[in-house]
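A short worksheet on the structure shown next.
Just so it is clear, none of the values below were taken in a lab; they were calculated from the coordinates. These figures come from a predicted structure and were not determined experimentally. In this analysis, Cβ positions are derived from the backbone assuming ideal geometry, glycine residues included, and neighbour counts consider all displayed protein chains.
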Amino acid sequence: MTSHVSFRVVSFFLLIIALGGVPCLAEDRGHPNPFERDGGVPPSIQALATTGGGVLYAGSFGFGVFFSDDYGETWESINGGLGDRFILCLSADENGTVYAGTVRGGVFRTTGDGKTWESIKAGLRLVEVKSLLTHHGTIYAGTGKGVYQWSEAAQKWSSVASGLEQMLIASMAMTNTSQLFAGTAGQGLYQVDATKHGTVRWQKVGDPLVDPKEHLIHTYIRVTTISPQQHVYVGTQDGGVYRSKDSGKTWQPIGRSLPNDSIRGIIATGAVLYVATGRGIFKNNFQNSEWVPVNNGLTELSIQVLMASSEGELYAGTNAGAFRSQDAGNHWVNISEKLGIHDAMPRPYF
């Protein structure tokens, strides 16, 4: 009896080996090892920022920042002074200063020629900077220890408000009435009056985000965006998109018909909503609540970041390079050629 069982077990493992083993099965499901890709790929673009006039910054995971002044047609690596090349977020202010948030190096900024970086991490704890927000000359950093605000006069960061010290801030957005929203990685959405820096406490926002189909509460707020109408949109890690028309008091799920619930970017214009997911980009014009895929030309659908320029271009950063659309997402052009090709992604050093 024992010999028959042993024979079946051995035969089973031989069959697995013949089929290529566990890695083959993982790839068949569409989940290859991101650190090992045959033939090489462009860098994984985690963040994008623009200062107008075709000037574009692309932050990669492990290869630093790339710079283009021709809408992404050509790129150059700009890592002078950049002490950490694992970029998680980028943000540009009205004066053309670009800020980069990193895994372990804090925040860096570039001014002037836009190609040399300065470290500005005084006051920040040794934590990842997951999100950045520039608003009317003020820069906010969402970290693993809450939200901080940079003071140019004091040359240091200070906590915006108490209450989020043990939370990772995955996203931020500001209304035109200085209501600052912070989306956390696992504890929901919070808000504070940004004009009362250091004197108030973060408050949990509104009703829970409940999945209407599965009745689950979603608390990982990956994306937070304010529309021109001052509606608040949040994209969750695996629960789709929600909208609030009353500053976060109540929420309406609007993305349950999307084919993928992992939200990586939201662009809210006056008439159209673009949503980037782990399986491509979709558009909704609010007239019939139908989500239309806008992926023509995208050879990589695992979107990491979605951005719109002031001139109307759309840019998407993916696991394998960057793409540009100049016709509202109807067609995408791969702008990754000058980013270089790499046989394997670098591993983070923590």
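Mind checking the alpha-carbon convex hull of region 29-153 and giving the volume per residue in Å³?
In region 29-153, the Cα hull volume divided by residue count equals 133 Å³.
From the gyration tensor of the Cα coordinates in region 121-169, what semi-axes in whole Å does the equivalent ellipsoid have, largest first, with each one equal to sqrt(5λ)?
For region 121-169, the ellipsoid semi-axes come out as 16, 12, 10 Å.
Quick one: if the Förster radius is 41 Å, what FRET efficiency do residue 216 and residue 310 give, using the C-beta to C-beta distance and rounding to 0.05?
About 0.60, to the nearest 0.05.
Based on DSSP H runs of at least 4 residues, each adding -39500 (n - 2.57), what is the mean residue ellipticity at 222 nm of the chain after dividing by all its residues, to the nearest 500 deg cm²/dmol?
-2000 deg cm²/dmol
Amide H of residue 342: which non-local residues (sequence gap of 5 or more, or other chain) have their own amide H closer than 5 Å, using H built in the peptide plane?
Amide H neighbours of residue 342: 41.
Applying the Karplus parametrisation 6.51 cos²θ - 1.76 cosθ + 1.60 with θ = phi - 60° to the phi angles of region 188-200, what ³J(HN,Hα) value in whole Hz is obtained for each residue in order, glycine and proline being reported as x?
So the Karplus estimates, Gly and Pro as x, are x, 10, 10, 9, 8, 7, 5, 6, 10, 3, x, 10, 10 Hz.
Which whole-number percent gives the relative contact order of region 267-321, counting Cα pairs below 8 Å spaced six or more residues apart? Intermediate results must be reported in sequence, preceding the final value.
Values: 92 pairs, mean separation 15.0, N = 55.
Averaging sequence separation for qualifying contacts and normalising by length gives 27 percent for region 267-321.
If each residue of separation counts as 0.36 nm, what is the full-extension length gain between residue 201 and residue 104 once their alpha-carbon separation is subtracted?
Between residue 201 and residue 104, full extension yields an extra 32.3 nm.
Between residue 286 and residue 333, what length comes free when the chain is fully extended (0.36 nm per residue of separation minus the Cα-Cα distance, one decimal in nm)?
Working it through step by step, the gained length comes to 14.3 nm.
Using modelled amide H (1.01 Å from N, peptide plane; none on Pro or chain starts), what sits under 5 Å from the amide H of residue 170, excluding residues fewer than 5 places away?
Result for residue 170 returns 183, 184, 185.
Averaged across orientations, what area in nm² does the convex hull of the alpha carbons in region 160-234 project? Before the final figure, lay out the partial values.
Working: hull surface 20.6 nm².
For region 160-234, the mean projected area of the Cα convex hull comes to 5.2 nm².
In Å³ and rounded to a whole number, note down the convex hull volume per residue for the Cα atoms of region 145-296.
Hull volume normalised by residue count: 124 Å³.
What translational diffusion coefficient, to the nearest whole µm²/s, does the chain have by Stokes-Einstein, given a Kirkwood radius computed over alpha-carbon pairs, a temperature of 25 °C and 0.890 mPa s viscosity? Could the numbers behind the result be given before it?
Values: Rh = 21.3 Å.
Estimated diffusion coefficient is 115 µm²/s.
Need the full-extension length gain, residue 341 to residue 69, defined as separation in residues times 0.36 nm minus the C-alpha distance. One decimal, nm.
Extra length from residue 341 to residue 69 when fully extended: 95.9 nm.
5 Å is the cut-off here: which amide hydrogens, built 1.01 Å from N in the peptide plane, fall below it relative to residue 156, excluding neighbours closer than 5 in sequence?
Counting only residues 5 or more places away or on other chains, the set is 151.
In sequence order, what are the phi-derived ³J(HN,Hα) couplings for region 290-299 according to the Karplus relation 6.51 cos²θ - 1.76 cosθ + 1.60 with θ = phi - 60°, rounded to whole Hz, with x for glycine and proline?
Result, ordered by residue: 8, 8, 10, x, 10, 10, 5, x, 7, 8 Hz.
Which order do peptides 178-185, 304-311 fall in by mean Cβ count within 10 Å, highest first?
Numbers: 178-185: 22.8, 304-311: 18.5.
Order by mean packing, descending: 178-185, 304-311.
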